[in-house]
Each structure stands twice: as C-alpha cells, then as structure tokens.
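Peer 1: Input: one structure, supplied below.
The values are calculated or read from the model by the stated rules, or taken from the named source; none is laboratory data. These numbers were taken from a predicted model, which means no experiment stands behind them. Note that we place each Cβ from the backbone using ideal geometry, even for glycine, and neighbour counts take in every protein chain shown. Just the protein is used for accessible areas: all its heavy atoms, side chains included, with ligands, DNA and RNA removed. Shrake-Rupley method; radii C 1.70, N 1.55, O 1.52, S 1.80 Å.
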Amino acid sequence: MISLYIGGARSGKSSLAEQEVMAFALPTTYIATATASVSMAERIALHREQRPSDWTTAEIPLELSATLTQLDSKQSVIIIDCLTLWLTNQLMAEHCLIDEIDRLCHTLTSLQCHLVLVSTEVGQSLIPDDEMSQQFVTASGLMHQKIAAIADKVNFCQGKIAICLKQPEFLVCKTIKTANAETATTEGGIG
C-alpha cells in the first residue's frame with residue numbers, strides 16, 4: 001500500500017505520516033532526503049529526536065529508487081520524508097527530473113512493503129518567475145499527480161489535520177457502512 005501526505009511547509013504532514021507508520025507496528029526504515037545544510041540542521045535534529053528509536057534511518061538525497069529496491073521486504077514500512085527535497089536534489093544535480101520521477105514511480109509500484117510518502121506542495125503560492133523555479137514547480141506538480149495516481153491513499157495536510165483526498169475502496173465501503181448503520185440506529189430510535 002502507498003500512502004501520500006502532501007501539504008505546505010509546517011503543515012504537520014510529517015507528524016501525520018509518522019502516526020500512520022506507528023499504527024502498523026512493523027519494522028520501519030525512515031528515509032531522509034534532506035542534505036545537512038546550515039538552514040536545515042535544526043529541522044533535521046528535531047525530526048531525529050521525534051522518531052522512535054527502533055526505526056532505522058537512511059539518509060538518501062539522490063539514489064532513492066535503488067535504495068527502495070534494496071530495502072524492500074514484506075511486512076515492513078518505509079517512510080520517505082520528503083519527496084520535494086529529493087526532487088530539489090535531483091534538480092541541483094542537473095538530472096532530468098521527468099526521467100527521475102518516472103523511475104521513482106516505476107519503483108514504487110514494484111515494492112512489497114507499505115510505503116508512506118511525505119511531500120511539500122509548492123504550487124499553491126506565488127511562483128518566482130525565474131526559469132529554475134518554474135521548472136521545479138512544474139516537475140513537482142507532475143510528481144505529485146503521478147504518485148497520487150498510483151497511491152492507495154492520499155491526504156492533504158493543513159494545520160496538522162489530514163484531509164483525505166483518496167483512500168482504498170475497502171475503507172470507503174467500511175466508512176459508508178458505518179455511517180449508514182449509525183443513521184439507521186438514530187432513525188430507528190426516534191420513530
């Protein structure tokens with residue numbers, strides 16, 4: 001199963017994704033894609049402190065597809081935080097973003113583990129007019145669309161609240177059945 005958590009900066013998406021991972025109670029690998037720059041050092045330290053001590057951490061700024069293939073196993077979870085930073089690393093390395101996105105999507109669909117993906121939505125604010133920014137926002141939007149299409153579950157996060165955009169059919173059916181049962185009970189009790 002693939003779960004995608006998208007949201008703006010400081011929207012609570014990482015915490016929400018980590019809550020899903022902890023609910024599985026399975027061996028977990030946390031893939032951090034950030035490079036340890038001065039501006040990210042405090043944020044990286046905070047995320048390290050908040051992660052459970054039994055999770056394995058791998059810092060993978062570029063070779064995500066190969067790493068996922070190596071780490072894949074049934075009855076395990078891999079959380080990736082953050083796909084947008086991974087895409088930034090690809091841009092700075094002057095890799096073809098479309099090729100890297102396609103390679104990642106192909107890899108994601110071939111894995112057996114449960115995947116929880118975190119990514120920052122950058123297309124909802126003002127977009128700088130320079131060529132690199134335009135290229136990045138376009139590629140980021142494309143990446144989110146392609147991953148959302150293959151994901152089983154997609155949540156948009158705002159104010160540390162996950163707004164469900166897509167969920168597996170069995171959960172939709174369960175939710176509808178529960179709501180119908182509650183309605184029937186309420187209506188039956190009134191009459």
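Peer 1: I'm checking my understanding of the structure. Among residues of region 22-44 that are under 25 Å from Ile101 (Cβ atoms) and of a type in the set (A, V, I, L, M), which one is surrounded by the most Cβ atoms within 10 Å (Cβ to Cβ)?
Peer 2: Among them, the one singled out is Ile31.
Peer 1: For region 56-67, check the following and say yes or no: at least one residue is at pLDDT 95 or above, surrounded by 14 or more Cβ atoms within 10 Å (Cβ to Cβ) and either of a type in the set (Lys, Arg) or under 14 Å from the mean Cα position of the chain (by Cα) (or both).
Peer 2: Among the residues of region 56-67, at least one is at pLDDT 95 or above, surrounded by 14 or more Cβ atoms within 10 Å (Cβ to Cβ) and either of a type in the set (Lys, Arg) or under 14 Å from the mean Cα position of the chain (by Cα) (or both), which makes the answer yes.
Peer 1: Another one. Can you confirm whether His47 is assigned to a loop (DSSP other than H, G, I, E, B) and surrounded by 13 or more Cβ atoms within 10 Å (Cβ to Cβ)?
Peer 2: So His47 does not fit the description; no.
Peer 1: Counting just the residues of region 114-137 that are exposed (fewer than 15 other Cβ atoms within 10 Å of the Cβ) and polar (S, T, N, Q), which one comes out nearest to Leu4 (Cα to Cα)?
Peer 2: Result: Gln124.
Peer 1: Could you tell me which residue of region 102-113 is nearest to the chain's Cα centre (by Cα), considering only residues that are open to solvent by 20 Å² or more (accessible area, probe 1.4 Å) and of a type in the set (S, T, N, Q)?
Peer 2: Thr109
Peer 1: Mind listing whichever residues of region 12-21 are in contact (Cβ under 8 Å) with a residue 60 or more places away in the chain and open to solvent by 30 Å² or more (accessible area, probe 1.4 Å)?
Peer 2: Scanning region 12-21 gives a single hit, Ser15.
Peer 1: In this structure, is Glu59 in contact with a strand residue (DSSP E or B) (Cβ under 7 Å, 6 or more places away or on another chain) and of a type in the set (Asp, Glu)?
Peer 2: yes
Peer 1: On to the next question. If the requirement is being at pLDDT below 95 and within 17 Å of the chain's Cα centre (by Cα), which of these qualifies: Val154, Val122, Val116?
Peer 2: Val122
Peer 1: Residue check: is Ile161 touching a residue at least 40 places away in the same chain (Cβ under 8 Å), under 24 Å from Glu20 (Cα atoms), among the hydrophobic types (A, V, I, L, M, F, W, C) and open to solvent by 60 Å² or more (accessible area, probe 1.4 Å)?
Peer 2: Taking the combined requirement at face value, the residue satisfies it.
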